[in-house]
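The values are calculated or read from the model by the stated rules, or taken from the named source; none is laboratory data. Computed from a prediction, not measured in an experiment: that's the story for all the values here. Cβ placement follows ideal geometry from the backbone for every residue including glycine, while neighbour counts extend to all protein chains displayed. The accessibility values were calculated without ligands, DNA or RNA, using every heavy atom of the protein model including side chains. Shrake-Rupley method; radii C 1.70, N 1.55, O 1.52, S 1.80 Å.
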Amino acid sequence: FNSAPIESSPLLHGNRLYVGTWDHNVYAINAHNGRKIWSFQADNQVNTSAAYWNGRIFIASDGGTLYALSAKSGKLLWSRSEPSEFWYATPTVAYGRVYIGNTDGTMYVYGAKSGRLLWARPLGSYIYGAAAVYRRKVFVGTYDGKFFALDAATGDTVWEIPANGAVHAAPTVMDGLVYYAVCSSCGEEAQRTVARGPDSTYAVRARDGRRVW
C-alpha cells in the first residue's frame, strides 16, 4: 500500500489495518491484500496511531484535532480541537473515555461516545507519549521530567515523581509495576523546558510511584 510517509503505527483490528499518514489521510486497509477500504481526510498530517473502541476509531492530527470515526465506513462521528498545539501521542480508551496528551503539556479526556470534554489537566512542557490506564489511574510522563499517576475519573494527581529525563514513549503496566523510559536527546530544538538525563528505563510501583529499579 503506497502513500505519503507513515509515522503512525498501524492498528490491526479484525482483518483491517488503520493508519494515519503525512498526506493528511486516515486509511482503513485490507490486511490480507493491502487494498484501501476507506480513507478520511484530516486537517493536517496524522502522526498519532489509532485506538479502537466499540466500532469506533480514535486518531488525532498535527492540526490539533481529535477525530472519532466509524471503523466500518470512516464516517466522522465527532471531532474536538481544544488544544493550542498538535497531537503526537496515541489516544488511550478506557472506562468509556478517550485519554490523550497534547504537546501543549495538557492531558485531555473526552467521552468516547459524545466527544464531550470531561477534564483537562496541565502537567508539563510537552506530552508526546500515550498514557497507560490501570486500576482507575492514568500514567503519563512529560518532557520536563515528571511522571504522574492521575485519577482516571477526575484528573486529580494521585502521585507525582521525578522522571529523571524527558518521557517520550508510552508507559506500560504489568503486575502492579509501571515501566517508563526517558530519552537523552529528545527535545534538542524545543522552546520550552526539557529535562536532561541518560537513556534509561525505570520500573515504579503503580500504587505509590516508589522506584523498584
Inset, instruction - Would you please state which residues of region 34-57 a label at residue 81 would reach in this model, taking the label point 7 Å out along Cα→Cβ and a backbone N cut-off of under 15 Å? - result: 41-46
Legend entry - Accessible area of the chain belonging to carbon and sulfur atoms, whole % at 1.4 Å probe: 46 percent
Legend entry - Summed residue charge, Cβ within 12 Å of residue 180's Cβ, Lys/Arg positive, Asp/Glu negative: +2
Legend entry - Bins of 10 Å, starting at 0 and running to the largest distance - Cα pair percent for region 39-129: 19, 57, 23, 2
Inset, instruction - Could you work out which residue, out of 202, 95, 110, moves most in a Gaussian network model of the chain, that is, has the largest mean-square fluctuation with Cα springs under 10 Å? - result: 95
Legend entry - Cα gyration tensor shape of region 71-213, rounded if a/c is under 1.5, else prolate or oblate by comparing a/b with b/c: oblate
Inset, instruction - Would you pull out the residues with amide H under 5 Å of residue 94's amide H, same chain only if 5 or more places away, H placed 1.01 Å from N? - result: 99
Inset, instruction - Just add up the charged neighbours of residue 48: K/R +1, D/E -1, any other residue whose Cβ is under 11 Å from the Cβ of residue 48. - result: -2
Inset, instruction - Specify the residue with the greatest mean-square fluctuation among 44, 30, 15, computed from a Gaussian network of the chain linking alpha-carbon atoms under 10 Å apart. - result: 15
Legend entry - Cβ-Cβ FRET estimate between residue 36 and residue 114, R0 fixed at 25 Å, reported to 0.05: 0.25
Legend entry - Proximal charge balance of residue 64 [Cβ under 10 Å; K/R count +1, D/E count -1]: -4
Inset, instruction - Using only alpha carbon pairs under 8 Å that are at least six residues apart, calculate the relative contact order of the chain and give it in whole percent. - result: 10 percent
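What accessible area per residue comes out for region 1-147, rounded to a whole number of Å², with a 1.4 Å probe?
41 Å²
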Legend entry - Charged-residue dipole, Cβ positions (Lys, Arg, Asp, Glu), region 138-213 about Cα centre, Debye nearest 20: 200 debye
